[in-house]
Amino acid sequence: MNSYHSDAGFPGVFVPEDLSRMSVATTGAVERLADDHVGIEMDAVARIVLQFYRRSLFEPKKLADVAVTAAHSKLFRRFC
């Protein structure tokens, strides 16, 4: 269960578990993008991960997959 939307008492406040999941997803996505020769900064990938995390995508592997897909898209890259 993710604490971002649970009974933590402060909606929208991230706890260490949230930050860990997003960190793992961001690192994984950046590594995959480097292998694909896509030049995108880690901050931009982290913003993509954060946006999807806030929309209830909490699993790090799926977050990384979405971030990689978004980074490959010219539409998403325009907003980073």
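Readers should treat all values here as calculations from the given coordinates under stated rules, not as data from a laboratory. All values reported here derive from a predicted model rather than from experimental measurement. Here the Cβ positions follow ideal geometry from the backbone for every residue, glycine too, while neighbour counts run over all protein chains shown.
For this structure, a couple of remarks:
- Computed from backbone phi, the HN-Hα couplings of region 54-60 come to 5, 9, 6, 9, 9, 6, x Hz, rounded to whole numbers (Karplus: 6.51 cos²θ - 1.76 cosθ + 1.60, θ = phi - 60°; Gly and Pro given as x).
- Nitroxide proxy distance, nm - points 7 Å out along Cα→Cβ at Ser56 and Glu31: 3.0 nm
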